[in-house]
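Have a look at the structure below before the remarks.
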Amino acid sequence: MVSRQLADAPLRSVIVTGAGTGIGRATARALLAAGFAVTLAGRRPTPLGEAAADDSGARHPNALVVPVDVTDAAAVDVLVAAHVDRFGRLDVLVNNAGVPGPAADIGELALVDWATTLAVNVTGAVLTAGAAFRQMAAQRPSGGRIINNGSIAAQSPRPRSVAYTTTKHAIAGLSKSIELDGRAYGISCTQLDVGNARTELLDDVIGAADAEPTMDVAVVAGLIVHLAGLPAVASVPQLTATAAGMPFIGRG
């Protein structure tokens, strides 16, 4: 059932995966502040609930929390159904859930570490995008926008990041396929490649916070809010955003 507030003043509705921490958390909170209706999805209920709180500490009235494992197809379908039941339709998916994978070269990569990275970063992204795509194609009016969190690793990898880099190259193919196949339904797709937004995950990757230039994660969240608010006639197939001066162009 659509809430009375939504019926009185329609909001663009968004699902954000990986919404409990990092880019996902910052994005979900920025979308709520900008007036979007947001379902926050992720594995752990507590961080999701904290991210969904307003300034008073209470649950934001336009926020829905749905714990989910994105590698579970049935759970992902439940996520999309719960979002539509609350908000009436799905306008935007921020396909953000991901893991960094192990620090290893191809000769060192353990099968179990590869399988875990692939399951979340690729299978999870495919399952979530697929469920969102089906909903966007079926709803009336049809259409929507899928924003896949890629990485600059999809363009220029770091050493000893073979699992992560390979999965992020896969996101590039996924994003192009969604953009192409979505034309008939008014569905567009953006691959957003981010470099060195300050999060706990970044600290794990580059070590000390001052090892490379970084940017506030709020910058990335603001870009996603802008993408989510674009009219359906506009598509941004690929967008790269990095901290100024970071080793990306020409890095070795």
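Within the range 63-95, the set of residues being in a loop (DSSP other than H, G, I, E, B) and within 22 Å of Asn149 (Cβ to Cβ) comprises Val68, Asp69, Val70, Thr71, Asp72, Leu90, Asp91.
If I ask for residues that are at pLDDT 95 or above and either in a helix (DSSP H, G or I) or touching a Phe, Trp or Tyr at 6+ places or on another chain (Cβ under 7 Å) (or both), which ones from the range 147-169 would you list? Across the range 147-169, the qualifying residues are Val162, Ala163, Tyr164, Thr165, Thr166, Thr167, Lys168, His169. I'd like the residue in the range 158-204 that is crowded, with 22+ Cβ neighbours inside 10 Å and charged (D, E, K, R) and, out of all such residues, is farthest from the chain's Cα centre (by Cα). Looking at the filtered set, the residue picked out is Lys168. Within the range 51-79, residues that are in contact (Cβ under 8 Å) with a residue 60 or more places away in the chain have Cβ atoms under 8 Å from residues that are part of a loop (DSSP other than H, G, I, E, B) in these pairs: Leu79/Val68, counting only partners at least 6 apart in sequence or on another chain. Of the residues examined, Phe36 is not one that is of a type in the set (Phe, Trp, Tyr), more than 16 Å from the chain's Cα centre (by Cα) and within 27 Å of Ala218 (Cα to Cα).
Please find, among Thr117, Thr128, Thr123, the residue that is within 21 Å of Ala184 (Cα to Cα), out of contact with any Cys (no Cβ under 8 Å at 6 or more places or on another chain) and at pLDDT 95 or above. One residue alone meets the criteria, Thr128. The residue that is modelled with the lowest pLDDT, among those in the range 46-62 that are over 23 Å from Arg145 (Cβ atoms) and of a type in the set (A, V, I, L, M, F, W, C), is Ala58. Look at the range 178-199: where a residue is under 27 Å from Ala244 (Cβ atoms) and at pLDDT below 95 and a partner is in a helix (DSSP H, G or I) and not aliphatic (A, V, I, L, M), sitting 6+ places away or on another chain with Cβ atoms under 7 Å, you get Thr199/Gly22. Within this structure, Arg134 passes the test of being in a helix (DSSP H, G or I), among the charged types (D, E, K, R) and surrounded by fewer than 17 Cβ atoms within 10 Å (Cβ to Cβ). Determine if the range 34-45 includes at least one residue that is over 22 Å from Ala81 (Cβ atoms), surrounded by fewer than 22 Cβ atoms within 10 Å (Cβ to Cβ) and at pLDDT 95 or above. Checked against the condition, which is being over 22 Å from Ala81 (Cβ atoms), surrounded by fewer than 22 Cβ atoms within 10 Å (Cβ to Cβ) and at pLDDT 95 or above, the range 34-45 yields at least one hit.
The values are calculated or read from the model by the stated rules, or taken from the named source; none is laboratory data. All values reported here derive from a predicted model rather than from experimental measurement. Positions of Cβ are backbone-derived with ideal geometry, glycine not excepted, and every protein chain shown enters the neighbour counts.
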